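Down below is the structure, laid out as C-alpha coordinates.
The values are calculated or read from the model by the stated rules, or taken from the named source; none is laboratory data. Since the model is a prediction, treat every value here as computed from it, not as a measurement. Cβ placement follows ideal geometry from the backbone for every residue including glycine, while neighbour counts extend to all protein chains displayed. Accessible surface areas use protein heavy atoms only, side chains included; no ligands, DNA or RNA. Shrake-Rupley method; radii C 1.70, N 1.55, O 1.52, S 1.80 Å.
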Amino acid sequence: MIKNRKYDLVIVGGGVLGTFCAYHALKKGKSVLLLEKDAQPHEASIRNFGQIIPSGQSLENGFAWGKKSLKIYKELQEDADITLSKNGSLYIASDEAEMAVLSEMSEKFQALDYPSQLFSSTKAVEKNPLLQKNYVKGGLFFPEEASINPLLMVHQLREFLIEHLGLHYKNFCPVIAVEKKRGIAMISSANKQTFWGDHVILANGQDTQFLLPEHFPAAELRICKLQMMRLVPQKKQFTSNLLTGLSIRRYDSFKSCPSYSALKTTEEQKALQSKGIHILLKQAADGSILLGDSHEYVSANEQANLGFEISTEINALILREAKKIVSLASWDVEATWIGNYLEAKQDEVYTKTVDTVIHIVNGIGGKGITTSPGFTYDYIQKLFS
Ligand SMILES: Cc1cc2nc3c(=O)[nH]c(=O)nc-3n(C[C@H](O)[C@H](O)[C@H](O)COP(=O)(O)OP(=O)(O)OC[C@H]3O[C@@H](n4cnc5c(N)ncnc54)[C@H](O)[C@@H]3O)c2cc1C
(Lines give C-alpha, C1' and ligand atoms only; values in the text may rest on other atoms or scores of the structure.)
Protein backbone atom coordinates (compact mmCIF):
# COMPACT_ATOMS: atom_id res chain seq x y z
CA MET A 1 0.00 0.00 0.00
CA ILE A 2 2.83 2.38 0.95
CA LYS A 3 4.76 1.54 -2.24
CA ASN A 4 3.25 3.65 -5.02
CA ARG A 5 1.67 6.42 -3.06
CA LYS A 6 3.02 9.96 -3.28
CA TYR A 7 3.40 11.77 0.05
CA ASP A 8 3.55 15.47 0.78
CA LEU A 9 6.71 14.70 2.77
CA VAL A 10 9.04 11.71 3.04
CA ILE A 11 11.57 11.79 5.91
CA VAL A 12 14.74 9.71 6.03
CA GLY A 13 15.80 9.01 9.63
CA GLY A 14 13.67 8.29 12.69
CA GLY A 15 15.75 10.20 15.28
CA VAL A 16 14.48 13.24 17.15
CA LEU A 17 14.96 15.62 14.19
CA GLY A 18 13.13 13.38 11.72
CA THR A 19 10.33 12.53 14.14
CA PHE A 20 9.62 16.16 15.05
CA CYS A 21 9.68 17.15 11.35
CA ALA A 22 6.99 14.48 10.93
CA TYR A 23 4.99 15.81 13.89
CA HIS A 24 4.83 19.40 12.64
CA ALA A 25 4.05 18.39 9.05
CA LEU A 26 1.24 16.08 10.24
CA LYS A 27 -0.15 18.91 12.39
CA LYS A 28 -0.34 20.99 9.21
CA GLY A 29 -2.46 18.27 7.62
CA LYS A 30 0.32 16.90 5.39
CA SER A 31 0.72 13.23 4.50
CA VAL A 32 4.04 11.97 5.87
CA LEU A 33 6.13 8.82 5.46
CA LEU A 34 9.02 8.25 7.89
CA LEU A 35 11.76 5.80 6.84
CA GLU A 36 14.22 4.29 9.31
CA LYS A 37 17.04 1.98 8.29
CA ASP A 38 17.14 -0.11 11.46
CA ALA A 39 14.68 -2.23 13.44
CA GLN A 40 14.23 0.90 15.53
CA PRO A 41 16.16 4.17 15.85
CA HIS A 42 19.07 3.55 18.23
CA GLU A 43 21.55 6.36 17.65
CA ALA A 44 22.06 9.69 19.42
CA SER A 45 18.35 10.28 19.95
CA ILE A 46 18.19 7.20 22.20
CA ARG A 47 21.70 7.31 23.75
CA ASN A 48 21.52 10.84 25.17
CA PHE A 49 20.97 12.39 28.60
CA GLY A 50 17.46 13.56 27.86
CA GLN A 51 17.97 17.02 29.32
CA ILE A 52 15.99 19.94 27.89
CA ILE A 53 18.13 22.93 28.76
CA PRO A 54 17.39 26.12 26.79
CA SER A 55 19.48 28.01 29.40
CA GLY A 56 22.68 26.53 27.92
CA GLN A 57 22.02 27.45 24.29
CA SER A 58 23.26 30.34 22.20
CA LEU A 59 21.17 33.44 22.71
CA GLU A 60 20.95 33.84 18.92
CA ASN A 61 18.69 30.91 17.97
CA GLY A 62 19.25 27.95 20.27
CA PHE A 63 17.63 29.55 23.31
CA ALA A 64 14.48 30.55 21.39
CA TRP A 65 14.18 27.08 19.83
CA GLY A 66 14.74 25.55 23.28
CA LYS A 67 12.03 27.68 24.87
CA LYS A 68 9.64 26.80 22.07
CA SER A 69 10.61 23.12 22.45
CA LEU A 70 9.76 23.17 26.16
CA LYS A 71 6.31 24.48 25.27
CA ILE A 72 5.85 21.81 22.58
CA TYR A 73 7.00 19.00 24.91
CA LYS A 74 4.64 20.22 27.64
CA GLU A 75 1.69 20.42 25.21
CA LEU A 76 2.47 17.00 23.78
CA GLN A 77 2.70 15.44 27.23
CA GLU A 78 -0.96 16.41 27.77
CA ASP A 79 -2.00 14.10 24.90
CA ALA A 80 0.71 11.46 24.79
CA ASP A 81 3.09 9.95 27.31
CA ILE A 82 6.37 11.27 25.97
CA THR A 83 7.99 10.73 29.43
CA LEU A 84 8.40 14.43 30.23
CA SER A 85 9.58 15.14 33.75
CA LYS A 86 9.41 18.80 34.86
CA ASN A 87 12.32 18.63 37.29
CA GLY A 88 14.26 21.83 36.44
CA SER A 89 18.00 22.31 35.92
CA LEU A 90 20.46 23.47 38.55
CA TYR A 91 23.92 24.79 37.61
CA ILE A 92 26.34 24.46 40.51
CA ALA A 93 29.15 26.98 41.01
CA SER A 94 32.29 25.77 42.77
CA ASP A 95 34.05 29.15 43.10
CA GLU A 96 33.29 32.87 43.19
CA ALA A 97 34.16 33.40 39.49
CA GLU A 98 31.64 30.77 38.41
CA MET A 99 29.10 32.33 40.77
CA ALA A 100 29.67 35.74 39.15
CA VAL A 101 28.88 34.25 35.74
CA LEU A 102 25.73 32.60 37.10
CA SER A 103 24.64 35.86 38.64
CA GLU A 104 25.08 37.74 35.33
CA MET A 105 23.28 34.97 33.49
CA SER A 106 20.37 35.21 35.91
CA GLU A 107 20.02 38.93 35.09
CA LYS A 108 20.18 38.24 31.36
CA PHE A 109 17.42 35.64 31.63
CA GLN A 110 15.31 37.97 33.78
CA ALA A 111 15.49 40.51 30.95
CA LEU A 112 14.42 37.74 28.55
CA ASP A 113 11.50 36.88 30.84
CA TYR A 114 12.86 33.36 31.44
CA PRO A 115 12.46 32.29 35.08
CA SER A 116 15.54 31.47 37.12
CA GLN A 117 16.49 31.56 40.80
CA LEU A 118 19.94 32.35 42.13
CA PHE A 119 20.78 30.13 45.11
CA SER A 120 23.26 30.70 47.93
CA SER A 121 25.35 27.66 48.83
CA THR A 122 23.02 26.95 51.78
CA LYS A 123 19.92 27.15 49.59
CA ALA A 124 21.48 24.94 46.88
CA VAL A 125 22.36 22.24 49.43
CA GLU A 126 18.99 22.59 51.12
CA LYS A 127 17.30 21.97 47.79
CA ASN A 128 19.68 19.13 46.82
CA PRO A 129 20.92 17.44 50.00
CA LEU A 130 23.18 15.15 47.94
CA LEU A 131 25.46 18.04 47.03
CA GLN A 132 28.86 18.10 48.76
CA LYS A 133 28.77 21.16 51.04
CA ASN A 134 32.44 22.00 50.54
CA TYR A 135 32.08 22.04 46.73
CA VAL A 136 29.07 24.30 46.35
CA LYS A 137 29.43 28.07 46.35
CA GLY A 138 25.93 28.61 45.00
CA GLY A 139 23.74 27.79 42.05
CA LEU A 140 21.37 28.97 39.36
CA PHE A 141 18.09 27.09 39.10
CA PHE A 142 15.80 27.01 36.06
CA PRO A 143 12.43 25.74 37.33
CA GLU A 144 10.80 25.51 33.88
CA GLU A 145 13.41 23.17 32.40
CA ALA A 146 12.73 19.48 32.11
CA SER A 147 13.90 16.14 30.85
CA ILE A 148 12.65 13.12 28.96
CA ASN A 149 13.54 9.44 29.14
CA PRO A 150 15.79 9.05 26.08
CA LEU A 151 15.20 5.30 25.91
CA LEU A 152 11.49 5.88 25.34
CA MET A 153 10.69 9.38 24.14
CA VAL A 154 11.23 9.07 20.37
CA HIS A 155 9.55 5.66 20.26
CA GLN A 156 6.50 6.76 22.24
CA LEU A 157 6.17 9.94 20.20
CA ARG A 158 6.36 7.94 16.95
CA GLU A 159 3.68 5.51 18.17
CA PHE A 160 1.44 8.47 19.04
CA LEU A 161 1.94 9.97 15.57
CA ILE A 162 1.08 6.66 13.91
CA GLU A 163 -1.99 6.08 16.02
CA HIS A 164 -3.42 9.59 16.26
CA LEU A 165 -2.04 11.70 13.40
CA GLY A 166 -1.81 9.14 10.58
CA LEU A 167 1.97 8.88 10.23
CA HIS A 168 3.13 6.17 7.83
CA TYR A 169 6.29 4.51 9.11
CA LYS A 170 8.64 1.91 7.71
CA ASN A 171 11.57 0.45 9.63
CA PHE A 172 14.23 -1.90 8.18
CA CYS A 173 14.24 0.56 5.29
CA PRO A 174 17.75 1.86 4.49
CA VAL A 175 17.43 4.59 1.88
CA ILE A 176 20.18 4.29 -0.73
CA ALA A 177 19.27 7.05 -3.21
CA VAL A 178 17.27 10.25 -3.45
CA GLU A 179 16.81 12.28 -6.61
CA LYS A 180 14.44 14.70 -8.27
CA LYS A 181 12.40 12.99 -10.95
CA ARG A 182 9.33 14.32 -12.77
CA GLY A 183 9.49 17.41 -10.55
CA ILE A 184 9.17 15.51 -7.26
CA ALA A 185 11.44 13.47 -4.99
CA MET A 186 12.10 9.81 -5.73
CA ILE A 187 13.43 7.79 -2.80
CA SER A 188 14.90 4.30 -3.28
CA SER A 189 15.58 1.79 -0.53
CA ALA A 190 18.05 -1.09 -0.29
CA ASN A 191 15.12 -3.50 -0.36
CA LYS A 192 14.30 -2.25 -3.87
CA GLN A 193 11.31 -0.13 -2.93
CA THR A 194 10.60 3.28 -4.42
CA PHE A 195 8.75 6.07 -2.61
CA TRP A 196 7.64 9.47 -3.88
CA GLY A 197 7.24 12.79 -2.11
CA ASP A 198 6.66 16.42 -3.00
CA HIS A 199 9.58 16.91 -0.63
CA VAL A 200 12.09 14.65 1.10
CA ILE A 201 13.94 15.58 4.29
CA LEU A 202 17.26 13.87 5.05
CA ALA A 203 17.57 13.68 8.86
CA ASN A 204 20.07 10.85 8.68
CA GLY A 205 22.36 11.72 11.60
CA GLN A 206 26.04 10.83 11.41
CA ASP A 207 25.70 8.46 8.41
CA THR A 208 26.41 11.06 5.76
CA GLN A 209 28.48 8.91 3.43
CA PHE A 210 25.58 7.22 1.62
CA LEU A 211 23.13 9.88 0.45
CA LEU A 212 24.42 12.88 -1.53
CA PRO A 213 27.77 12.76 0.32
CA GLU A 214 29.01 15.73 -1.71
CA HIS A 215 26.48 17.89 0.15
CA PHE A 216 27.87 17.00 3.61
CA PRO A 217 31.30 18.67 3.42
CA ALA A 218 33.87 17.88 6.12
CA ALA A 219 34.72 21.59 6.21
CA GLU A 220 31.26 22.32 7.59
CA LEU A 221 30.42 19.21 9.61
CA ARG A 222 32.07 17.14 12.29
CA ILE A 223 31.15 14.08 14.33
CA CYS A 224 31.32 14.02 18.10
CA LYS A 225 31.72 10.86 20.19
CA LEU A 226 30.39 11.03 23.75
CA GLN A 227 30.85 8.60 26.61
CA MET A 228 28.16 8.02 29.22
CA MET A 229 27.46 5.93 32.32
CA ARG A 230 24.41 4.74 34.21
CA LEU A 231 24.79 4.06 37.93
CA VAL A 232 22.66 1.48 39.73
CA PRO A 233 19.16 2.53 40.86
CA GLN A 234 19.07 4.16 44.27
CA LYS A 235 16.66 6.01 46.53
CA LYS A 236 15.03 8.94 44.71
CA GLN A 237 16.98 11.93 45.98
CA PHE A 238 17.71 14.24 43.07
CA THR A 239 15.30 17.17 43.03
CA SER A 240 16.59 18.48 39.67
CA ASN A 241 19.07 17.77 36.89
CA LEU A 242 22.56 18.95 37.85
CA LEU A 243 25.08 20.83 35.70
CA THR A 244 28.44 22.09 36.89
CA GLY A 245 31.28 24.58 36.45
CA LEU A 246 32.68 22.82 33.41
CA SER A 247 29.22 23.05 31.81
CA ILE A 248 29.28 26.80 32.49
CA ARG A 249 32.59 26.95 30.60
CA ARG A 250 31.24 24.79 27.76
CA TYR A 251 27.74 26.08 27.05
CA ASP A 252 27.21 28.87 24.54
CA SER A 253 24.87 31.06 26.60
CA PHE A 254 27.44 31.68 29.37
CA LYS A 255 30.07 32.84 26.88
CA SER A 256 28.08 36.06 26.46
CA CYS A 257 28.62 37.04 30.15
CA PRO A 258 31.25 39.74 30.87
CA SER A 259 32.65 37.62 33.74
CA TYR A 260 33.12 34.58 31.52
CA SER A 261 36.66 35.65 30.59
CA ALA A 262 37.56 35.86 34.31
CA LEU A 263 36.83 32.16 34.89
CA LYS A 264 39.87 30.36 36.20
CA THR A 265 40.53 26.83 35.07
CA THR A 266 42.71 24.62 37.27
CA GLU A 267 45.18 22.10 35.88
CA GLU A 268 42.82 19.33 36.95
CA GLN A 269 39.93 20.96 35.10
CA LYS A 270 42.16 21.42 32.04
CA ALA A 271 42.86 17.68 32.07
CA LEU A 272 39.11 17.05 32.03
CA GLN A 273 38.58 19.63 29.29
CA SER A 274 41.22 17.94 27.12
CA LYS A 275 38.80 14.97 26.91
CA GLY A 276 35.83 17.31 26.50
CA ILE A 277 34.51 16.27 29.91
CA HIS A 278 31.90 18.22 31.82
CA ILE A 279 29.84 16.75 34.60
CA LEU A 280 26.09 16.31 34.23
CA LEU A 281 23.95 14.22 36.57
CA LYS A 282 20.34 13.17 36.29
CA GLN A 283 18.26 10.67 38.21
CA ALA A 284 15.87 8.60 36.08
CA ALA A 285 12.39 7.51 37.14
CA ASP A 286 13.70 4.07 38.21
CA GLY A 287 16.27 5.72 40.52
CA SER A 288 19.28 5.00 38.28
CA ILE A 289 21.65 7.91 37.74
CA LEU A 290 22.88 9.10 34.35
CA LEU A 291 26.38 10.49 34.57
CA GLY A 292 28.55 11.96 31.83
CA ASP A 293 29.97 13.06 29.56
CA SER A 294 33.03 13.46 27.32
CA HIS A 295 33.46 14.80 23.77
CA GLU A 296 35.92 13.78 21.02
CA TYR A 297 35.72 15.05 17.45
CA VAL A 298 36.54 14.01 13.87
CA SER A 299 35.46 15.43 10.52
CA ALA A 300 32.23 14.18 8.95
CA ASN A 301 32.56 10.70 7.40
CA GLU A 302 35.54 9.82 9.59
CA GLN A 303 33.67 8.10 12.44
CA ALA A 304 35.91 5.04 12.02
CA ASN A 305 38.75 7.20 13.33
CA LEU A 306 36.90 7.81 16.61
CA GLY A 307 37.40 4.17 17.47
CA PHE A 308 34.90 1.84 19.08
CA GLU A 309 36.36 1.62 22.55
CA ILE A 310 34.85 2.85 25.78
CA SER A 311 37.74 4.46 27.60
CA THR A 312 38.08 3.37 31.23
CA GLU A 313 40.32 6.40 31.75
CA ILE A 314 37.51 8.77 30.73
CA ASN A 315 35.00 6.97 32.96
CA ALA A 316 37.45 7.14 35.88
CA LEU A 317 37.96 10.90 35.34
CA ILE A 318 34.20 11.51 35.22
CA LEU A 319 33.60 9.44 38.36
CA ARG A 320 36.42 11.14 40.26
CA GLU A 321 35.10 14.61 39.47
CA ALA A 322 31.46 13.66 40.16
CA LYS A 323 32.37 12.35 43.61
CA LYS A 324 33.60 15.83 44.52
CA ILE A 325 30.18 17.25 43.63
CA VAL A 326 27.62 14.82 45.06
CA SER A 327 27.56 12.11 47.66
CA LEU A 328 25.72 8.99 46.48
CA ALA A 329 24.76 5.78 48.26
CA SER A 330 26.39 3.78 45.44
CA TRP A 331 28.78 4.57 42.59
CA ASP A 332 28.38 1.13 41.01
CA VAL A 333 28.27 1.47 37.24
CA GLU A 334 25.42 -0.51 35.69
CA ALA A 335 26.11 0.38 32.06
CA THR A 336 28.44 2.52 29.98
CA TRP A 337 28.10 3.41 26.29
CA ILE A 338 29.08 5.77 23.52
CA GLY A 339 26.89 7.92 21.30
CA ASN A 340 27.83 9.96 18.22
CA TYR A 341 26.15 13.00 16.76
CA LEU A 342 26.77 15.17 13.72
CA GLU A 343 27.45 18.85 14.38
CA ALA A 344 27.49 21.87 12.10
CA LYS A 345 30.71 23.80 12.63
CA GLN A 346 29.54 27.28 11.64
CA ASP A 347 25.77 27.25 12.04
CA GLU A 348 23.49 25.98 14.78
CA VAL A 349 21.96 23.40 12.41
CA TYR A 350 23.10 22.28 8.95
CA THR A 351 20.37 22.81 6.38
CA LYS A 352 20.66 22.71 2.62
CA THR A 353 18.17 22.31 -0.23
CA VAL A 354 19.22 20.38 -3.33
CA ASP A 355 17.17 20.49 -6.55
CA THR A 356 14.32 22.30 -4.76
CA VAL A 357 12.74 19.12 -3.33
CA ILE A 358 15.55 17.45 -1.35
CA HIS A 359 16.18 19.07 2.05
CA ILE A 360 19.07 18.20 4.35
CA VAL A 361 18.22 18.85 8.02
CA ASN A 362 21.07 17.62 10.17
CA GLY A 363 24.05 18.56 12.34
CA ILE A 364 22.08 19.87 15.34
CA GLY A 365 24.97 18.76 17.56
CA GLY A 366 24.65 18.31 21.30
CA LYS A 367 21.36 20.19 21.61
CA GLY A 368 19.00 18.00 19.59
CA ILE A 369 16.75 17.02 22.47
CA THR A 370 16.58 20.62 23.70
CA THR A 371 16.00 22.36 20.39
CA SER A 372 14.64 19.93 17.74
CA PRO A 373 10.90 20.44 18.46
CA GLY A 374 11.23 24.25 18.23
CA PHE A 375 13.68 24.30 15.33
CA THR A 376 11.66 21.85 13.21
CA TYR A 377 8.46 23.81 13.89
CA ASP A 378 10.01 26.87 12.19
CA TYR A 379 11.55 24.75 9.42
CA ILE A 380 8.31 22.96 8.51
CA GLN A 381 6.26 26.19 8.56
CA LYS A 382 8.67 27.68 6.00
CA LEU A 383 8.81 24.51 3.88
CA PHE A 384 5.05 24.44 3.48
CA SER A 385 4.35 28.19 3.46
C1 LIG B 1 25.60 10.77 24.84
C2 LIG B 1 24.77 11.90 24.33
C3 LIG B 1 24.14 12.74 25.25
C4 LIG B 1 23.33 13.79 24.78
N5 LIG B 1 22.61 14.52 25.67
C6 LIG B 1 21.76 15.48 25.22
C7 LIG B 1 20.93 16.21 26.13
O8 LIG B 1 20.88 15.94 27.32
N9 LIG B 1 20.18 17.23 25.63
C10 LIG B 1 20.17 17.55 24.30
O11 LIG B 1 19.50 18.50 23.92
N12 LIG B 1 20.88 16.82 23.41
C13 LIG B 1 21.66 15.80 23.81
N14 LIG B 1 22.40 15.08 22.93
C15 LIG B 1 22.31 15.41 21.49
C16 LIG B 1 21.11 14.74 20.82
O17 LIG B 1 20.99 13.40 21.24
C18 LIG B 1 21.28 14.82 19.30
O19 LIG B 1 21.39 16.18 18.94
C20 LIG B 1 20.11 14.23 18.54
O21 LIG B 1 19.74 12.98 19.03
C22 LIG B 1 20.40 14.14 17.04
O23 LIG B 1 19.24 13.63 16.43
P24 LIG B 1 19.17 13.24 14.90
O25 LIG B 1 17.77 12.87 14.62
O26 LIG B 1 19.80 14.32 14.09
O27 LIG B 1 20.17 11.99 14.74
P28 LIG B 1 20.06 10.46 15.12
O29 LIG B 1 19.50 10.26 16.47
O30 LIG B 1 21.41 9.91 14.85
O31 LIG B 1 19.01 9.87 14.08
C32 LIG B 1 19.32 9.64 12.72
C33 LIG B 1 18.51 8.44 12.28
O34 LIG B 1 18.62 8.30 10.86
C35 LIG B 1 18.68 6.92 10.56
N36 LIG B 1 19.29 6.79 9.22
C37 LIG B 1 20.55 7.16 8.86
N38 LIG B 1 20.76 6.90 7.55
C39 LIG B 1 19.61 6.37 7.08
C40 LIG B 1 19.21 5.88 5.79
N41 LIG B 1 20.05 5.94 4.75
N42 LIG B 1 17.98 5.37 5.64
C43 LIG B 1 17.12 5.33 6.70
N44 LIG B 1 17.44 5.76 7.94
C45 LIG B 1 18.67 6.28 8.12
C46 LIG B 1 19.53 6.35 11.69
O47 LIG B 1 19.37 4.95 11.83
C48 LIG B 1 19.00 7.14 12.89
O49 LIG B 1 17.93 6.48 13.55
C50 LIG B 1 23.21 14.02 23.37
C51 LIG B 1 23.85 13.16 22.47
C52 LIG B 1 24.61 12.10 22.94
C53 LIG B 1 25.26 11.17 21.94
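Residues in region 190-220 that are of a type in the set (S, T, N, Q) and under 23 Å from Tyr169 (Cα atoms): Asn191, Gln193, Thr194, Asn204, Gln206, Thr208. Within region 120-135, being in a strand (DSSP E or B) and in contact with a helix residue (DSSP H, G or I) (Cβ under 7 Å, 6 or more places away or on another chain) holds for one residue alone: Leu131. Considering region 234-287, the residues that are of a type in the set (Val, Ile, Thr) and either assigned to a helix (DSSP H, G or I) or without any contact (Cβ under 8 Å) to a residue 40 or more places away in the chain (or both) include one that is most open to solvent (accessible area, probe 1.4 Å), namely Thr266. Looking across Val333, Val326, Val298, one residue alone is among the β-branched types (Val, Ile, Thr), closer than 19 Å to Leu242 by Cα, touching a helix residue (DSSP H, G or I) at 6+ places or on another chain (Cβ under 9 Å) and away from the ligand (no atom under 12 Å from the Cβ). It is Val333.
If you go through region 288-330 and keep only what is part of a strand (DSSP E or B), open to solvent by less than 20 Å² (accessible area, probe 1.4 Å) and hydrophobic (A, V, I, L, M, F, W, C), you end up with Ile289, Leu290, Leu291, Val326.
All conditions in (1) surrounded by 22 or more Cβ atoms within 10 Å (Cβ to Cβ); (2) part of a loop (DSSP other than H, G, I, E, B); (3) away from the ligand (no atom under 13 Å from the Cβ) hold for Lys30, with the sole exception of (1). The residues of region 132-153 that are more than 18 Å from Gly56 (Cβ to Cβ) and open to solvent by 10 Å² or more (accessible area, probe 1.4 Å), listed by number, are Gln132, Lys133, Asn134, Tyr135, Lys137, Asn149, Leu151, Leu152.
Close Cβ contacts (under 8 Å, 6 or more residues apart or on different chains) running from residues in region 76-100 that are over 16 Å from Ser247 (Cβ atoms) and among the hydroxyl-bearing types (Ser, Thr, Tyr) to residues that are part of a helix (DSSP H, G or I) and open to solvent by 30 Å² or more (accessible area, probe 1.4 Å) comprise Thr83/Gln156. Filtering Asn204, Asn149 for residues that are within 16 Å of the ligand (Cβ to nearest atom), in contact (Cβ under 8 Å) with a residue 24 or more places away in the chain and under 19 Å from Leu70 (Cα atoms) leaves a single hit, Asn149. Across region 53-65, the number of residues qualifying as within 10 Å of the ligand (Cβ to nearest atom) and either closer than 21 Å to Ile223 by Cα or in a loop (DSSP other than H, G, I, E, B) (or both) comes to 4.
A search for C-beta distances below 6 Å between a residue of region 369-385 that is open to solvent by 30 Å² or more (accessible area, probe 1.4 Å) and any residue that is outside any loop (DSSP other than H, G, I, E, B) and not small (Gly, Ala, Ser), counting only pairs 6+ apart in sequence or on different chains, returns Tyr377/His24.
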